[in-house]
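Q: To start, I am sharing the structure in question, which I have written as structure tokens.
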Amino acid sequence: RRLASVASVFDRRMIIIKSPAEIEKIRAAGRLTAKVLRILSESITPGVTTTADLDALAAILVKEGGGRAAFKGYMGFPAHICTSVNHQVVHGVPSNRVLMPGDILSIDMGVELDGYYADAAITVPIGEISPEAQRLLDVTRQALYVGIDQAQVGKRIGDIASAIQRFVEKHGYSVVRELVGHGVGKKIHEDPPVPNYGKPNSGPVLREGMTLAIEPMVNQGKPQVVCLSDKWTIVTEDGKLSAHFEHTVAITRKGPLILTVE
Ligand code: MG
């Protein structure tokens with residue numbers, strides 16, 4: 001994700017079209033991203049594992065895979081992954097916080113491999129979680145696929161955005177406005193911004209060879225978020241839960257191609 005306010009500064013409408021060979025390279029980065037996210041989620045022991053443990057493991061796994069953790073040092077970010085627990089929305093900094101049964105944890109990671117970038121996020125349950133928390137995870141994951149369904153040649157960014165917003169709000173949740181998805185591939189953050197709210201048939205037209213990070217951030221309560229004093233962690237203003245799922249997707253003539261899968 002990137003800050004919408006930052007997006008407006010950098011938005012020069014320079015959408016980079018990728019060749020099939022370049023998309024293959026992003027796919028390789030995406031394969032490693034998905035693998036690391038899976039191993040991280042499988043490694044968690046509730047009541048024992050800290051978010052810093054996950055960060056250390058991510059560093060090892062990305063290096064073993066021949067890649068580089070793209071968030072490390074990006075705008076000064078101090079870690080390899082973002083770990084956001086419960087009411088933390090995104091950009092949580094790994095720490096000695098122990099993951100406890102009942103928590104939900106969002107893990108967001110960008111990987112550079114051979115000069116190309118992929119970006120993905122998952123939200124995972126820690127041990128047994130409440131039915132309310134599980135429903136939030138389910139709806140947010142589904143919202144991602146509802147958005148991906150719209151990632152078709154000739155449709156527009158607003159079709160992705162509005163489909164996600166409509167689906168989320170239909171389920172009684174809200175979408176974050178201040179942070180948005182983005183183009184990705186040659187850089188970790190490219191044009192265009194990909195909001196999770198908006199009007200159908202608006203925004204840039206989707207063309208073959210565009211690669212987008214689609215990433216609904218869904219709040220259980222109100223959409224407002226605030227940034228903690230660490231200058232990174234974004235939390236819900238009302239303290240209710242938030243979830244985040246993200247894939248890197250290529251626009252192809254055959255339809256959306258998800259690149260962040262193993
Ligand atoms: Mg992203």
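The values are calculated or read from the model by the stated rules, or taken from the named source; none is laboratory data. Note that the coordinates shown come from a computational prediction; the quantities given were computed from them, not determined experimentally. Reconstructed Cβ throughout: ideal geometry from the backbone, glycine too, with neighbour counts over all protein chains shown. Only protein heavy atoms, including side chains, enter the accessible area calculation; ligands, DNA and RNA are left aside. Shrake-Rupley method; radii C 1.70, N 1.55, O 1.52, S 1.80 Å.
Q: Report every pair of residues separated by at least 6 positions or lying on different chains whose Cβ atoms are under 8 Å apart, first residue within the range 214-241 and part of a loop (DSSP other than H, G, I, E, B) and open to solvent by less than 20 Å² (accessible area, probe 1.4 Å), second aromatic (F, W, Y) and within 16 Å of the ligand (Cβ to nearest atom).
A: Within 8 Å, the pairs are E215/F245; P216/F245.
Q: Given the structure, is S84 of a type outside the set (D, E), open to solvent by less than 20 Å² (accessible area, probe 1.4 Å), under 29 Å from E178 (Cα atoms) and not in a loop (DSSP other than H, G, I, E, B)?
A: Yes.
Q: Follow-up question, since we're still on this one. Suppose the filter is surrounded by 23 or more Cβ atoms within 10 Å (Cβ to Cβ) and away from the ligand (no atom under 15 Å from the Cβ); does V168 pass it?
A: Yes: the conditions hold for V168.
Q: Still on this structure: Identify all residues within the range 52-78 that are open to solvent by 60 Å² or more (accessible area, probe 1.4 Å) and in a helix (DSSP H, G or I); write none if there are none.
A: Listed by number, the residues that qualify are D53, I60, K63, E64, Y74, M75.
Q: Looking at (1) modelled with pLDDT of 95 or more; (2) open to solvent by 40 Å² or more (accessible area, probe 1.4 Å); (3) in contact with a strand residue (DSSP E or B) (Cβ under 7 Å, 6 or more places away or on another chain), can you tell me which one I23 breaks?
A: If we test I23 against (1) modelled with pLDDT of 95 or more; (2) open to solvent by 40 Å² or more (accessible area, probe 1.4 Å); (3) in contact with a strand residue (DSSP E or B) (Cβ under 7 Å, 6 or more places away or on another chain), just (2) comes out false.
Q: Of everything in the range 130-149 that's without any contact (Cβ under 8 Å) to a residue 24 or more places away in the chain and not charged (D, E, K, R), which residue is surrounded by the most Cβ atoms within 10 Å (Cβ to Cβ)?
A: Here the answer is V146.
Q: Within the group T248, T260, which residue is in a strand (DSSP E or B), within 14 Å of the ligand (Cβ to nearest atom), on the phi < 0 side of the Ramachandran plot and among the hydroxyl-bearing types (S, T, Y)?
A: T248
Q: I'd like the full set of residues that are more than 16 Å from the ligand (Cβ to nearest atom), outside any loop (DSSP other than H, G, I, E, B) and either surrounded by fewer than 21 Cβ atoms within 10 Å (Cβ to Cβ) or touching a residue at least 60 places away in the same chain (Cβ under 8 Å) (or both), limited to the range 173-213.
A: V205
Q: Any idea which residue in the range 100-129 is farthest from the ligand (Cβ to nearest atom), counting only those that are open to solvent by less than 40 Å² (accessible area, probe 1.4 Å), part of a loop (DSSP other than H, G, I, E, B) and among the small types (G, A, S)?
A: G102
Q: Is it fair to say V168 is within 14 Å of T51 (Cα to Cα) and hydrophobic (A, V, I, L, M, F, W, C)?
A: So V168 fails the test.
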